[in-house]
Amino acid sequence: MSTILKVKAKHFKAYNVSVTLETNSSLLLREMKRYYSTYLSVRKAPSYHGTIVVIETDIFPRDFIPKNAVCDFYLSSYSVYVLPDDKNRIFYEIKNRYLISVDYAKNEVRCFAKSAENIVLQIKFTMKMMFDILLEEKGLFPIHCSGVVNGGKTVLFCGNTHSGKTTAALSCLESGYRLFSEDRVLFRPSGELLPFYTRSRVDKRMFLNFPGLKNRLKFLDPSHYFEKTKGWYVDLGKAFFAKKSELGPKLPSTLVFLNFHNSDDSVCKKISGKEALARLKEGHLREIGNSLWWMMDKDNRIKKVENAYRKLVAGSKAKCYRFLIGRDHNKFSSLMKEVCGVG
């Protein structure tokens, strides 16, 4: 059985915010470094801090639930326990395989699992959401999107997970745009976009669609190769990151909302600022609803985020589009470049 004496810690930092991962699983620590080694960090000590503790143990996960906890919600896949006298703490028991406890007041997550290998994706998503929570407290609001820049143009590709954000960004990067941020862009309501992350998964399909990509990514690290997806987690910023002069205070010139659809052709139509705001809010609600923070002061947090997004849409006066991605890559890429003013 693993013991707590073997716990190691790794600090991940971004914009005066940090999340500390403490774990006795070398596998989990290695995987998190692969995912999160390229947050845009800061030199001074962070003033907003969260902690994620993951302990691999043979002890039955349910034994870590306090005796006075009450089962508040039950499905065959998981149960939710709450404490009668403490609304800030909540416990998720997943199929007798692992337990996650959240302390909202302390910004702390604890996980006890029989095998850390089974919870890598859960901890990856948990860390991302903890950063979101801490950054919101600091007045920086996350947008689930990839961003590219070219001169005075800043284009944000918004969408859910696996909606084509990276593919859309690459179609512009190969034509002269530079990377602003990958998968996450931060927005300060005073009128500023901030880059956050430059690492992404680049798989075999992307190399086929963008033949010149492999030459730009000559630094592919074999240790970052994933056999299952035939691809790498790579730092796109090494090849495509924008110059410092292009990262100054700015607002988007174009917002593109992405979805795949069951057709060979891609379709794009202009939408109103009102619809763009609704789609930004919907994307945020979807992520929060799938996270450990869905019960945390939900109404007030949604109101703050919606107000920030409203300032983004109204203040930028960006052109807004709904883009449905078809199966034919050449048609998609051609239409996307037209929308973004490439060529």
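Are any of the residues in segment 33-54 surrounded by fewer than 16 Cβ atoms within 10 Å (Cβ to Cβ), closer than 20 Å to Asn290 by Cβ and without any contact (Cβ under 8 Å) to a residue 40 or more places away in the chain?
no
The residue list Tyr233, Tyr225 contains one member that is in contact with a helix residue (DSSP H, G or I) (Cβ under 6 Å, 6 or more places away or on another chain) and modelled with pLDDT under 75, which is Tyr233.
Considering segment 267-343, there are no qualifying helices (runs of 4 or more DSSP H) wholly inside with 3 or more residues that are free of Cβ contacts under 8 Å to residues at least 12 places away in the same chain and surrounded by 13 or more Cβ atoms within 10 Å (Cβ to Cβ). So, in segment 58-73, how many residues would count as being among the aromatic types (Phe, Trp, Tyr), over 10 Å from Leu99 (Cβ atoms) and assigned to a loop (DSSP other than H, G, I, E, B)? The qualifying residues number 0. Here Val149, Val120, Val109 are screened, and the one residue that is surrounded by 22 or more Cβ atoms within 10 Å (Cβ to Cβ), assigned by TED's automatic domain parsing to the domain that holds Thr23 and of a type outside the set (S, T, N, Q) is Val109. The number of residues in segment 95-128 that are without any contact (Cβ under 8 Å) to a residue 24 or more places away in the chain and of a type in the set (A, V, I, L, M, F, W, C) comes to 2.
A Cβ distance below 9 Å, combined with a sequence gap of six or more or placement on separate chains, defines the contacts here; from segment 189-203, residues that are free of Cβ contacts under 8 Å to residues at least 60 places away in the same chain and assigned by TED's automatic domain parsing to the domain that holds Arg310 reach residues that are in a loop (DSSP other than H, G, I, E, B) and among the hydroxyl-bearing types (Ser, Thr, Tyr) in the pairs Arg201/Thr229; Asp203/Thr229. One residue stands out among those in segment 12-25 that are farther than 14 Å from Lys124 by Cβ, of a type in the set (Ser, Thr, Tyr) and touching a helix residue (DSSP H, G or I) at 6+ places or on another chain (Cβ under 9 Å): the one that is modelled with the highest pLDDT, which is Ser18. Any residue at all in segment 326-333 that's within 21 Å of the chain's Cα centre (by Cα) and more than 18 Å from Val148 (Cβ to Cβ)? Within segment 326-333, none of the residues are within 21 Å of the chain's Cα centre (by Cα) and more than 18 Å from Val148 (Cβ to Cβ).
The values are calculated or read from the model by the stated rules, or taken from the named source; none is laboratory data. In this text the structure is predicted, and so the values were computed from the model without any measurement. Note that each Cβ is placed from the backbone with ideal geometry, even for glycine, and that neighbours are counted across all protein chains shown.
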